[in-house]
Amino acid sequence: MSLVRIQRAAAGRRASGFGLIELMIAMVLGLIVIGAAFAVFLSNQNTFGANESLNRMQESARVAFELMSRDIRAAGGSACSNVSTVEDTGGDSVAFRDAPVTGTANTLTVVSGDDMSYRVTGSSSTSVTLDPTQIDAASDAFSVGDVLLLCNARKTFVVQATGVGGMTVNHAALPGGYNPMADEFAPPAAVVLARFRSVQWFVQPNGRPGGGNSLYVSRFGGPREEVAEGVDNLTFAYLRAGAANYVPNPANWNDVVAVRMTMTLSGADVDGAPLTRTASNVVSLRSRTL
């Protein structure tokens, strides 16, 4: 083989590799691809975080509105007829009769008979005997000091339990020595006993290290219970019978027929700012509209 051919073959082999410029272009293209993939990953991560935060807020709103709506619908109601007259036996009876819903622009108090009521098989003006087919012992449902709702088809009383034993619940004397089962104008089979229910809804700081507010409820005057986290604000407006607009402080609570709830919730930070949503719900009082 001649020297010229050897030199040409060597030059061809040297020219077959990648040059510096080609390598730099390949590196730049690789960085662009990696950057694009990373950007897509960050975008998906932010989208997932936003969706998760939104789902949590929606779930909190659903739970909060459902529980508050149940209480508002039941306001002023009992297991007895709506035409049963509430007799004046003190502050709780007046609230039950004249103001089953009260509050401010940011708090709501609702009174009603408890969801669970018990049939009465015997009564006097100071005690009732419960149906043994419905409950094993009166102490399973009632305690001394409980505020009670005792009613038949004609009269309703709010009284306090003074004794509980066996199937009998003793209570403060009814006005005029009234015996619910001896009323000739009310069927004795319709006499029932339930706990008087008082519920308050409000928003307060939850005391967690990160701060923030939560929705709380207090039942029967007991300690607050957290219902939903991340509720920044809660407002109430009230509609009176015959009115067209909701107001934060109605002149006569007995005329209130519906409540509008507006809740602002916040979730985890998305793109450096918290995700917030505002939702509203309107609920009517069954005892005032049926």
Query raised in the report: Taking segment 221-247 as the region of interest, how many residues are surrounded by 14 or more Cβ atoms within 10 Å (Cβ to Cβ) and at positive phi?
Result: 1
Query raised in the report: If you check ASP92, ASP88, which single one turns out to be out of contact with any strand residue (DSSP E or B) (no Cβ under 6 Å at 6 or more places or on another chain) and not hydrophobic (A, V, I, L, M, F, W, C)?
Result: ASP88
Query raised in the report: Mind checking whether some residue in segment 94-117 is modelled with pLDDT of 95 or more and more than 24 Å from the chain's Cα centre (by Cα)?
Result: no
Requested in this report: Enumerate the strands (runs of 3 or more DSSP E) found wholly within segment 212-290, keeping only those where 3 or more residues are in contact (Cβ under 8 Å) with a residue 40 or more places away in the chain and either touching a Pro at 6+ places or on another chain (Cβ under 6 Å) or within 20 Å of GLU52 (Cβ to Cβ) (or both).
Outcome: 231-240, 256-270, 273-284
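Being under 15 Å from VAL120 (Cα atoms), crowded, with 21+ Cβ neighbours inside 10 Å and in contact with a Phe, Trp or Tyr (Cβ under 8 Å, 6 or more places away or on another chain) narrows it down to one residue among VAL192, VAL158; which is it?
The conditions single out VAL192.
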Report task. Output the residue which, of all residues in segment 148-171 that are among the small types (Gly, Ala, Ser) and assigned to a strand (DSSP E or B), is nearest to the chain's Cα centre (by Cα). Result -> ALA161
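Which of the residues spanning segment 173-221 are among the charged types (D, E, K, R) and either outside the structural domain of VAL128 (by TED's automatic domain parsing) or within 21 Å of VAL158 (Cβ to Cβ) (or both)?
ASP183, ARG195, ARG197, ARG208, ARG219, listed by residue number.
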Requested in this report: Just name the residue that is surrounded by the fewest Cβ atoms within 10 Å (Cβ to Cβ) out of those in segment 205-220 that are more than 17 Å from the chain's Cα centre (by Cα) and of a type in the set (Gly, Ala, Ser).
Outcome: GLY210
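The values are calculated or read from the model by the stated rules, or taken from the named source; none is laboratory data. Quantities reported herein were computed from a predicted structural model and do not represent experimental measurements. Glycine gets a Cβ as well: all are built from the backbone with ideal geometry, and neighbour counts include every protein chain shown.
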